[in-house]
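The block underneath contains the structure these notes are about, expressed in structure tokens.
The values are calculated or read from the model by the stated rules, or taken from the named source; none is laboratory data. Because the structure is predicted, anything quoted here is derived from the model rather than measured. Please note: Cβ atoms are built from the backbone with ideal geometry, for glycine as well, and neighbour counts cover all protein chains shown. Note: areas computed on protein heavy atoms with side chains; ligands, DNA, RNA excluded. Shrake-Rupley method; radii C 1.70, N 1.55, O 1.52, S 1.80 Å.
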Amino acid sequence: LSELSVEGLRAYVAEQLERSRARTVQLTDAVDTDDLVKQHSKLMSPLVWDYAHIGNQEELWLVRDVGGREPLRQDIDELYDAFMHPRADRPTLPLLGPSETRAYVVEVRDKVLDVLDHVKFDAGRALVDNAFAFGMIVQHEQQHDETMLATHQLRAGVPVLDAPPPPAGRRLAAPEVLVPGGVFEMGTSVEPWALDNERPAHAVQVAPYVIDTVPVSNGDYLRFVLGGGYDDPQWWSEDGWAHVQKASLVAPRFWELADGEWWRLRFGHREPLPLDEPVMHVCFYEAEAYAKWAGKRLPTEEEWEFAARFDPETGRTRRFPWGDENPGPQHANLGQRHLRPAPVGGYPAGASPLGVEQLIGDVWEWTSSDFRPYPGFRAFPYDEYSLVFFGTDYKVLRGGSFGTDEVVARGTFRNWDYPIRRQIFAGFRCARAPRPEELRS
Ligand code: AVJ
Ligand code: FE
């Protein structure tokens, strides 16, 4: 990106804006008006709220801030401010209707393309250096597209989305990888479109550990379910046990037991539970309980990133597990290219130098870490992206899912959510301390 000419950068930004919009249009055109305005779950906004919110954020940052242009619809800012109204209340607001929303986002985009034509990517203005604000808005739209995809998963009715199946899985040489540990550079100070919480790069010491080669599969997780895992407090943290009882959890969300067979619901399809796919729609507490039952634990965020980015040969931290190139379809299951995670072993070309696979794409991975700022963190360009969420309320997820776009799924990208959330496309892998004999070899 930083090597592009000004014209090259403009063209790249225009292409990314167009790609994210095509996805937004696809997700919103796929359903009828009623499905756009109604709330499919208390956990989610009506799709038409996400749609106009995407346009409103684009207006705020690119039309008004970067472009210095007059506001188009200042009157609606408050309706689409995520901090003013919780998701559960959004259907009762006087929102723009579907056709008004479509007209609004088109009007905003026309202005933005004009701003893009005239903007100087002035290196002295952090908001536009390397087109940062454009990158932030593209990522914002793609993140809401993933949220809308999660709303689609919660929607009742016949399937409306379609995509080819992911690549087949394969047998793994080893179920776990021994990671020697050491000091590595975590985070980034150089990725032009990295968001504030991924910065700055800083040295982190990681002790030796063992990590699963691939995410925990449905088949693995089913053994925990069938073994009475949800009935036995010994596997659960105190908070986890309280939650599993209060919410009456018995299996991952969207699993069904009927006539002695396990099924799962996926975007309106009911299909036999695929045992070789990564488990999905489990909350942090379920991930944590499974890990304990398996004699393991969840990796920390540092361990996840070390496994994903560290190259033991050079001592360098890479951008992605497979190297420094952007993700290609051979590396990772991203961008809604497939509408499910790939079976384990499906992406050998995406392996890290240590031999850990499917770190990017397929399912978000719960880590044991709270969402906290890196040393030297500076909120940019607004406190409400990351700063207000730091603390002990949220757990970090890494790696992106099949529904995460490649413009978001950086090796440094940090996602976060409450430990009870299951509607996101989240699974996990386990880690553990090495046994003494493993360290000697
Ligand atoms: C980073 C995915 C937790 O969706 O709540 C969207 C991203 N921030 N609009 C979210 C975000 C503002 C955020 N996550
Ligand atoms: Fe948002």
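Restrict the check to the stretch 146-166 and report whether at least one residue is closer than 28 Å to Ala351 by Cβ, in a loop (DSSP other than H, G, I, E, B), in contact (Cβ under 8 Å) with a residue 60 or more places away in the chain and open to solvent by 50 Å² or more (accessible area, probe 1.4 Å). Looking for residues that are closer than 28 Å to Ala351 by Cβ, in a loop (DSSP other than H, G, I, E, B), in contact (Cβ under 8 Å) with a residue 60 or more places away in the chain and open to solvent by 50 Å² or more (accessible area, probe 1.4 Å), one finds at least one in the stretch 146-166, hence yes. Does Gly67 fit the bill of being over 27 Å from the mean Cα position of the chain (by Cα), crowded, with 17+ Cβ neighbours inside 10 Å, more than 16 Å from ligand 1 (Cβ to nearest atom) and closer than 28 Å to Glu7 by Cα? Taking the combined requirement at face value, the residue satisfies it. The single condition among (1) out of contact with any Gly (no Cβ under 9 Å at 6 or more places or on another chain); (2) surrounded by 14 or more Cβ atoms within 10 Å (Cβ to Cβ); (3) closer than 19 Å to His140 by Cα that Glu78 does not meet is (2). For the condition assigned to a loop (DSSP other than H, G, I, E, B), within 17 Å of the chain's Cα centre (by Cα) and modelled with pLDDT of 95 or more, Leu275 does not qualify. Among the residues of the stretch 312-330, those that are open to solvent by 20 Å² or more (accessible area, probe 1.4 Å) and not β-branched (Val, Ile, Thr) comprise Pro312, Glu313, Gly315, Arg316, Arg318, Arg319, Trp322, Asp324, Glu325, Asn326, Pro329, Gln330. Only one entry of Arg109, Arg102, Arg90 meets the criterion of being at pLDDT 95 or above, under 18 Å from Leu36 (Cβ atoms) and basic (Lys, Arg), and that entry is Arg102. Taking first residues from the stretch 287-299 that are under 15 Å from Pro233 (Cα atoms) and partners that are at pLDDT below 95, no Cβ contact under 8 Å between residues at least 6 apart in sequence or on separate chains turns up. Residue pairs whose Cβ atoms lie under 9 Å apart, sitting 6 or more positions apart in sequence or on different chains, and linking a residue in the stretch 52-64 that is open to solvent by 10 Å² or more (accessible area, probe 1.4 Å) to a partner that is in a helix (DSSP H, G or I) and more than 13 Å from ligand 2 (Cβ to nearest atom), are Trp61/Ala133; Trp61/Phe134; Arg64/Gln74. Entry remark, the stretch 408-441: residues being of a type in the set (A, V, I, L, M, F, W, C) and either within 15 Å of ligand 1 (Cβ to nearest atom) or without any contact (Cβ under 8 Å) to a residue 40 or more places away in the chain (or both) number 8 in total. If you filter the stretch 392-406 down to residues that are under 11 Å from the mean Cα position of the chain (by Cα) and β-branched (Val, Ile, Thr), you find that the one that is nearest to ligand 2 (Cβ to nearest atom) is Thr404.
Looking for whichever is away from ligand 2 (no atom under 16 Å from the Cβ), small (Gly, Ala, Ser), open to solvent by less than 30 Å² (accessible area, probe 1.4 Å) and closer than 22 Å to Leu397 by Cα here; the options are Gly240, Gly228. Which one fits? Step through it out loud before you land on a result.
Working: Gly228 fails: closer than 22 Å to Leu397 by Cα.
Going through Gly240, Gly228 in turn, just one is away from ligand 2 (no atom under 16 Å from the Cβ), small (Gly, Ala, Ser), open to solvent by less than 30 Å² (accessible area, probe 1.4 Å) and closer than 22 Å to Leu397 by Cα: Gly240.
Kindly state which helices (runs of 4 or more DSSP H) lie completely within the stretch 1-81 and contain at least 3 residues that are touching a Leu at 6+ places or on another chain (Cβ under 7 Å).
Values: elements: 6-29, 33-37, 47-58.
Those helices (runs of 4 or more DSSP H) span 6-29, 47-58.
Among the residues in the stretch 186-193, are any within 16 Å of ligand 2 (Cβ to nearest atom), open to solvent by less than 20 Å² (accessible area, probe 1.4 Å) and more than 14 Å from Glu303 (Cα to Cα)? No; the residues of the stretch 186-193 include none that is within 16 Å of ligand 2 (Cβ to nearest atom), open to solvent by less than 20 Å² (accessible area, probe 1.4 Å) and more than 14 Å from Glu303 (Cα to Cα).
So is Leu72 within 27 Å of Gln336 (Cβ to Cβ), in contact (Cβ under 8 Å) with a residue 24 or more places away in the chain and among the aliphatic types (A, V, I, L, M) or not? It is false that Leu72 is within 27 Å of Gln336 (Cβ to Cβ), in contact (Cβ under 8 Å) with a residue 24 or more places away in the chain and among the aliphatic types (A, V, I, L, M).
Please pick out the residue among Arg171, Arg109, Arg102 that is more than 17 Å from the chain's Cα centre (by Cα), open to solvent by 50 Å² or more (accessible area, probe 1.4 Å) and either of a type in the set (Gly, Ala, Ser) or under 25 Å from Val48 (Cβ atoms) (or both).
Arg102
Considering only the stretch 39-53, state which residues are under 18 Å from Leu161 (Cα atoms) and more than 16 Å from ligand 2 (Cβ to nearest atom). Within the stretch 39-53, His40 is the sole residue that qualifies.
Results for (1) out of contact with any Leu (no Cβ under 6 Å at 6 or more places or on another chain); (2) within 30 Å of Glu325 (Cα to Cα); (3) surrounded by 14 or more Cβ atoms within 10 Å (Cβ to Cβ), shown as yes or no for each residue.
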site: Val214; (1), (2), (3): yes, yes, yes
site: Glu261; (1), (2), (3): yes, no, no
site: Cys283; (1), (2), (3): yes, no, yes
site: Gly295; (1), (2), (3): yes, no, no
site: Ala308; (1), (2), (3): no, yes, yes
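Checking Pro341, Pro299 one by one, the residue that is farther than 30 Å from Pro375 by Cβ, in a loop (DSSP other than H, G, I, E, B) and not small (Gly, Ala, Ser) is Pro341 and no other.
Restricted to the stretch 331-343, and to residues there that are closer than 25 Å to Tyr221 by Cβ and in contact with a Lys or Arg (Cβ under 9 Å, 6 or more places away or on another chain), the residue that is surrounded by the most Cβ atoms within 10 Å (Cβ to Cβ) is Asn333. Checked against the criterion of being β-branched (Val, Ile, Thr), touching a helix residue (DSSP H, G or I) at 6+ places or on another chain (Cβ under 7 Å) and surrounded by fewer than 16 Cβ atoms within 10 Å (Cβ to Cβ), the stretch 88-95 contains not a single residue that satisfies it. The strands (runs of 3 or more DSSP E) located wholly in the stretch 181-264 that include 1 or more residues which are of a type in the set (Gly, Ala, Ser), more than 26 Å from Ala332 (Cα to Cα) and in contact (Cβ under 8 Å) with a residue 24 or more places away in the chain occupy 182-186.
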